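Encoded as structure tokens, the structure appears first; notes follow it.
The values are calculated or read from the model by the stated rules, or taken from the named source; none is laboratory data. Fair warning: this is a prediction, and the values are worked out from it, not measured in the lab. A quick note on method: Cβ atoms are made from the backbone with ideal geometry, for glycine too, and the neighbour counts reach across all protein chains shown.
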Amino acid sequence: MARAIWTGYINFGLVSVPVGLYSATQEHEIDFHQFQKGTSDRIRYKRVNERTGREVPYEKIVKGHDVGGGEYVIVEPDELDDIAPGKSRSLEIDTFVDLDDIDPMHFQKSYYLAPSDSDNASSYALLRDALAKTNRAGIAKFVMRGEEYLATIRSDGRVLVLETMFFADEIRDPDEELGDLPRKSGAGKQLSMAVDLIEAMSGEWKPAAYKDTYTERVKELVKTKHQGKEVVYSEEEPQATNPTDLVAALRASVEEARKSRSSRTKKTAKKKTAARKKKAA
């Protein structure tokens, strides 16, 4: 079983449920080291005192906040620990909200919550099932690794899932960041055809159907170069559709999407028929 990266309690009302927090995701990563170009000399980073030029051990390093004018306020690790909220290691649910009301923009990272011991498995299951039945999520705050997080606690039917979230003031206003944005779409015909295209391209969400092709290409690049060969990938740069060609492009896209969808439907039907015949045999 995986090791918990945080342990504590989910508190809601007068109920406390001991839980452990576990990573729910992992990213595709390929490790690269840094070298000086033209050599096999590794690049190393050291924590160096900029005045003396001497390396400083990690335990001798403290944090300082720039208050302006070249002045810094030095803060010790134990001072940060003393003011950290939720030192009781609790996930204090403040309220329950409709899960559909939360803008996905707020979600940051997913974790699993599991009961810390078998004695409290029933209270864990009770919260999980109640959240699933009501389609609600608990809103809570907690402290992990010296940082306070806003989080939702929801059920996926099997397990409680904690999603760390951005605070409201951490989400940038698109009008301020991006300037003038188009307020109206095109003519009615264009909008209607765009809707038709979306409908024609709609389907079931199948996450396993999507693969990280870039990581695979990097692996292939490393493998091929190790064999002394050269890999050349060529892809055409996408070109923006000319507004005058938009209707024609939409119409052609709808027709192509419908043909593709029809082909997929026929293949699926053949597979189901073959499976039924095999089962009957």
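Would you mind stating whether Ala252 is among the small types (Gly, Ala, Ser) and under 29 Å from the mean Cα position of the chain (by Cα)? No, not satisfied. Taking the condition assigned to a helix (DSSP H, G or I), at pLDDT 70 or above and within 29 Å of Glu27 (Cβ to Cβ), does Glu220 pass? Against the criterion (assigned to a helix (DSSP H, G or I), at pLDDT 70 or above and within 29 Å of Glu27 (Cβ to Cβ)), Glu220 qualifies.
For the range 94-162, the strands (runs of 3 or more DSSP E) that sit wholly inside it and include 1 or more residues that are free of Cβ contacts under 8 Å to residues at least 24 places away in the same chain are 147-155.
Mind telling me which of the residues Thr215, Thr164 ends up being among the polar types (S, T, N, Q) and outside the structural domain of Leu126 (by TED's automatic domain parsing)?
Details: Thr164 fails: outside the structural domain of Leu126 (by TED's automatic domain parsing).
So the residue among Thr215, Thr164 that is among the polar types (S, T, N, Q) and outside the structural domain of Leu126 (by TED's automatic domain parsing) is Thr215.
The set of residues in the range 43-65 that are within 32 Å of the chain's Cα centre (by Cα) and either of a type in the set (D, E, K, R) or under 26 Å from Leu80 (Cβ atoms) (or both) comprises Arg44, Tyr45, Lys46, Arg47, Tyr58, Ile61, Val62, Lys63, Gly64, His65. Taken over the range 127-172, the criterion of being touching a helix residue (DSSP H, G or I) at 6+ places or on another chain (Cβ under 7 Å) and of a type in the set (Asp, Glu) is satisfied by no residue.
Condition test on Lys184, is it in a loop (DSSP other than H, G, I, E, B) and either modelled with pLDDT of 90 or more or among the basic types (Lys, Arg) (or both)? So that I can check it myself, show each step before the final result.
Values: in a loop (DSSP other than H, G, I, E, B): yes; either modelled with pLDDT of 90 or more or among the basic types (Lys, Arg) (or both): yes.
Spelling it out, Lys184 is indeed in a loop (DSSP other than H, G, I, E, B) and either modelled with pLDDT of 90 or more or among the basic types (Lys, Arg) (or both).
Take the residues of the range 226-281 that are modelled with pLDDT of 70 or more and among the basic types (Lys, Arg): which is nearest to Thr213 (Cα to Cα)? This residue is Lys229.
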